[in-house]
Amino acid sequence: MRVFIAAELPFELTNALSHTSALLRDTVKGRYVGPDLFHVTLAFLGEVPGALVDDAVTSVRRACASLSPFDTTLGSLGTFGRSSSAVLWQGFASGRDDWARLADSVRAELRESGLAFDDKGFIPHVTLMRRANVQRGLLPMPAIERGTIDTVAVFSSDLTGARPRYEAIERVWLGS
């Protein structure tokens, strides 16, 4: 099963991101990510045998036990990749140390459990669009909102349909 670990977003942030996404639809062509799929990926494990999914859940529980919920504020827009086919995302203007601590904790526990994951540098962001054509350069001002991050989930993802489908296998609250 294809697995990733992500922080879930509270309503306030999801609502603001939805507003920004609606503004982008007027100026940028590409594949939009639906609000039901908004999250911040902390670690992407890829294909994981079913027997090891419990190890991923245990790792997330250990990682989250000593961390507290934290406040964060949405920030500017950014891109990964070529301007003609980019991933368009919105980052965070505050809470960077908390985001780093959360990602580092999750990744350290995964390593301790012997689980492999994509070890790219962590940049806290929410993907709003894939295959975005941002060559024109001018993007609207994104909605800015503050919210509390308190939940991390182990997700399975299915990419075989018309759009991705994510299902939370297990949710873990920070500090529990």
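Every number here is computed from the coordinates shown, using simple stated rules; none is lab data. In this text, all values refer to a predicted model and were calculated from it rather than measured experimentally. Cβ placement follows ideal geometry from the backbone for every residue including glycine, while neighbour counts extend to all protein chains displayed.
Overview of values
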| quantity | calculated |
| --- | --- |
| For region 23-67 versus region 141-156, the gap between their alpha-carbon centres in whole angstrom | 11 |
| The chain: relative contact order as a whole-number percent, Cα under 8 Å and 6+ apart | 37 |
| Potential extension, Arg101-Thr27 segment - 0.36 nm per residue separation minus Cα distance | 23.1 nm |
| Potential lengthening between Glu47 and Ala65 on full extension [0.36 nm per residue; Cα-Cα distance subtracted] | 3.9 nm |
| With Cα atoms, 0 to 90° folded angle of helix 96-112 axis to the chain main axis | 40 |
| Point-to-point label distance, Ser84-Ala162, nm (Cα→Cβ direction, 7 Å offset) | 2.9 |
